[in-house]
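In what follows, a single structure is set out as structure tokens and then discussed.
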Ligand code: FES
């Protein structure tokens, strides 16, 4: 099956240049259109998102209604929902912050194309060179929104308690 010929090539690069050419939603629609996604729910598991409000470095997003990854490539923020927990993750790899992570809809994982690292959809490290999970931003809930402080980048190894608390619970 010619997975490599689809717009996403099996993964959805979420770098700025690629995002400007084709949003993750468009790419995902391309995959879905080929019938490669056995589970139609995958079609709703990844998408693009933009803040509903910006105040300095604090960005507000609507809380995701379903599980999956919502990507704001312009601001480098991924809003991920896993079951009833919502995270705001940094889009850059914790191994080398210059590398932009990809979302792989088939496995619901983030992938670093530089050194082939993999992360769970909640940002936990699966394998690869990084010595920590994906970085999180400090978050708080405001009604049906999540407020993300992009000035407060939390690393699992150096700010473990704050990193662990950087979640919002829904429903
Ligand atoms: S830059 Fe991502 S694993 Fe090395």
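What's the ranking of 93-106, 150-163 by average number of surrounding C-beta atoms within 10 Å, highest first? Intermediate results must be reported in sequence, preceding the final value.
Working: 93-106: 19.4, 150-163: 15.2.
Result, highest mean first: 93-106, 150-163.
How much FRET efficiency would the formula 1/(1 + (r/R0)^6) give for residue 114 and residue 83, where r is the Cβ-Cβ distance and R0 is 25 Å, rounded to 0.05? Show your work: numbers first, answer last.
On the way: r = 30 Å, r/R0 = 1.18.
Rounded to the nearest 0.05, the efficiency is 0.25.
Could you work out the relative contact order of the range 59-110, using alpha carbon pairs under 8 angstrom and six or more residues apart, expressed as a whole percent? Display every interim value, and only then the final one.
Details: 64 pairs, mean separation 11.2, N = 52.
Reported as a whole number, the value is 21 percent.
By average Cβ neighbour count within 10 Å, what is the ranking of 78-85, 46-53 from highest down?
78-85, 46-53
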_Extension gain (nm, one decimal) between residue 96 and residue 52, 0.36 nm per residue minus Cα-Cα_ = 12.9 nm
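Taken together, the values in this text are just the output of simple stated rules run on the coordinates, not laboratory data. All figures in this text were calculated on a predicted structure; none of them were measured in a lab. Please note: Cβ atoms are built from the backbone with ideal geometry, for glycine as well, and neighbour counts cover all protein chains shown.
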